[in-house]
Structure formats: C-alpha cells, structure tokens
Amino acid sequence: MELIQTYQGYFLEDGRFIPDSLLAKIPVKRRAIVNILDDEVIEQTRPNKVDDIKKILAAAQASEDGLTNADWNEMNNLRSRTNTGLSRTVSL
C-alpha cells in the first residue's frame, strides 16, 4: 500500500514551495502530483521573536529614564520575592 501525503502552501516565483505549516517536512526524491488552485494566496509573515524582544527591551529602556530610587528599590525587591527572571549581577 502506498502512502499519500498532502501539503498545503504556495509556490514562490523562483519555484520554491512554502508550506502553510511550519512543521511540514516535505520528502525529497518522491513522485508528486501537484494541484494548482485558482485562488491567490496572500503571503503571511511569520512572527519574528527577535523583533518582539527588541521592542520589549526598547520600551523598558525608554521607561528607565522616569524611574526614581524608590522605583529601583521596588524592582529589586520584586526580583527577590518572585524570581521573575530579571538578570542578576555577579561581582568577581
């Protein structure tokens, strides 16, 4: 019995196939039957985690300018109480 696998996606102008699923691993050197549908696919941009982190860091840095000594002390106490993952400094 032969196995048939189906992948949905679209072709770029250079012939590369872009699957809708990030986890799709298309096997190589296999016979394929391709159906081309009439509707055009709008390319979806995949979220960039690095850009998201840069935005968070930029917002945090911008808000640092308005922090008072009391705010810094509260943040320091928050880290020790909740272990929120704020970075720790080690002096050698």
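So here's what we get for this one:
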{"read-out": "Residues (in contact with a Gly (Cβ under 9 Å, 6 or more places away or on another chain) and small (Gly, Ala, Ser)) located in the stretch 6-56", "value": "21, 24"}
{"read-out": "Subset of the stretch 60-85 [small (Gly, Ala, Ser), at pLDDT 75 or above and surrounded by 10 or more Cβ atoms within 10 Å (Cβ to Cβ)]", "value": "63"}
{"read-out": "Hits in the stretch 33-55 (condition: among the aliphatic types (A, V, I, L, M) and surrounded by 10 or more Cβ atoms within 10 Å (Cβ to Cβ))", "value": "41, 53"}
{"read-out": "Hey, residue 46 at pLDDT 80 or above, assigned to a loop (DSSP other than H, G, I, E, B) and out of contact with any Lys or Arg (no Cβ under 8 Å at 6 or more places or on another chain) or not", "value": "no"}
{"read-out": "Any hit, the stretch 1-17, residues being modelled with pLDDT of 80 or more and within 20 Å of the chain's Cα centre (by Cα)", "value": "yes"}
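The values are calculated or read from the model by the stated rules, or taken from the named source; none is laboratory data. The model shown is predicted, which means the values in this text are computed figures rather than measured ones. Quick reminder, even Gly has a Cβ in these numbers, built from the backbone with ideal geometry, and neighbours come from all protein chains shown.
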